[in-house]
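To start, the structure under review is shown below, and the notes come after it.
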Amino acid sequence: MLLIGAAVVGAATGEAGMAQLEGFLVTPFLGVLALFLLDMGIIAARRLGELRQAGLRLLAFGMVMPLIGGTAGVLLGTAIGLSVGGATLLAVLGASASYVAAPAAIREAVPEANPALSLGLALGVTFPFNLIVGIPLFYTAAQLLA
């Protein structure tokens, strides 16, 4: 409801409304985001050793799932007529599965869950995998399908 309400207010007020709220919304958001990311990084670093104990199945998931999401993004982007860059971007979004939001949601929804697994996998495996393998692969796939 908050997102829908914010979208309606944003559409109604436009850039002038955003300019009036920038000091209240944008500037503090960056500081809070930095503190949130620092907190998440500290938690993940403290328990990084636990990620090694999770086994190869979890590591494989951290590399296979982005390929599934990214492939879906390339196919969907191409099907709806996006440019090569647009289809690549949709693939990267599908492959990333929100590195920040998903671990934070798990942390709040399931407090007994091990944050080292969600954060360590997202930031220590999936993110570098997408940078090194995923993005070039999705870009090539988008070029081939275009």
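Leaving ligands, DNA and RNA out of it, rank Leu35, Leu76 by accessible area with a 1.4 Å probe, largest first.
Details: Leu35 115, Leu76 95 Å².
So the residues, ranked largest to smallest area, are Leu35, Leu76.
Would the range 53-121 count as rounded, prolate or oblate if I go by the C-alpha gyration tensor, calling it rounded below 1.5 in a/c and otherwise prolate when a/b exceeds b/c, oblate otherwise? Prolate.
Using a ≥ b ≥ c from the Cα gyration tensor of the chain (square roots of the eigenvalues), is it rounded, prolate or oblate, where a/c under 1.5 gives rounded and otherwise the larger of a/b and b/c decides, a/b for prolate? Oblate, since a/c reaches 1.5 and b/c is not below a/b. Using a probe of 1.4 Å on the protein chains alone, the accessible area found for Ser83 is around 80 Å². Of the DSSP H helices in the chain, those that are both long (alpha-carbon extent of 30 Å or more along the helix axis) and hydrophobic (Kyte-Doolittle mean at least 0.5) are 2-46, 56-79. Note on the chain: helix-only mean residue ellipticity at 222 nm, from DSSP H runs of 4+ residues weighted -39500 (n - 2.57) and normalised by residue number, equals -26000 deg cm²/dmol.
The values are calculated or read from the model by the stated rules, or taken from the named source; none is laboratory data. Given the structure is predicted, the values throughout are model-derived calculations rather than measurements. Side chains included, ligands, DNA and RNA excluded: accessible areas come from the protein's heavy atoms. Shrake-Rupley method; radii C 1.70, N 1.55, O 1.52, S 1.80 Å.
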